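Peer 1: Quick one: the structure is below, and I'll ask about it shortly.
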């Protein structure tokens, strides 16, 4: 299955951003490999900001499994990736409030008939950092993290439900979170790893 690289969070060129920004921006993404860069996808400075290292491209609906599906408030949609190793090492980046108390994650596809057919997330590393720098160009906006304020290993039950992890942050400013998938439970049919929803409390 085809993987589309999404923006410049952690690496290289994004066909999705290039299509949105226009051909004149394609060169801006070539050679970008700073592992500390995450794109700010907010429109006009409002709404959530998030990104991922990639997503599964559906031929009929290219954005069906886009990173936005993990933040849309719907448990029956999902961010999905499909890599030879099942998704280990893939990353999600998103902004969190400085006073966030917890994070809830549904570590698979949120529909009963598909949950066990697809890969599920068994473990992940969550790193939350202060924001060192924000930058904006004609082609892209980004966030460079600073000091880490929380590093947490998340372990999930293989169950189709939102699972909660305490954060208990006590910062005044917005923070950058990066969730890296570390352990995967293999699906019985597809090698696609899904996260149905991610909620900040």
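Values in this text are rule-based calculations from the coordinates and carry no lab data. Remember, predicted model here, so these are calculated numbers, not experimental data. Don't worry about glycine lacking a Cβ; one is built from the backbone with ideal geometry, like all the others, and counts go over all protein chains shown.
Peer 1: Show me 187-193, 174-180 ranked by packing, highest mean number of other Cβ atoms within 10 Å first.
Peer 2: 174-180, 187-193
Peer 1: Another one. Which value results when the Cα radius of gyration for region 76-201 is divided by 2.2 N^0.38 Å?
Peer 2: Normalised by 2.2 N^0.38 Å, the Cα Rg of region 76-201 equals 1.11.
Peer 1: Mind checking the log10 I(q)/I(0) for region 93-167 at q = 0.21, 0.27, 0.28 Å⁻¹? Debye, one equal scatterer per Cα, no solvent, two decimals.
Peer 2: Debye curve over Cα of region 93-167, log10 I(q)/I(0) at q = 0.21, 0.27, 0.28 Å⁻¹: -0.95, -1.22, -1.28.
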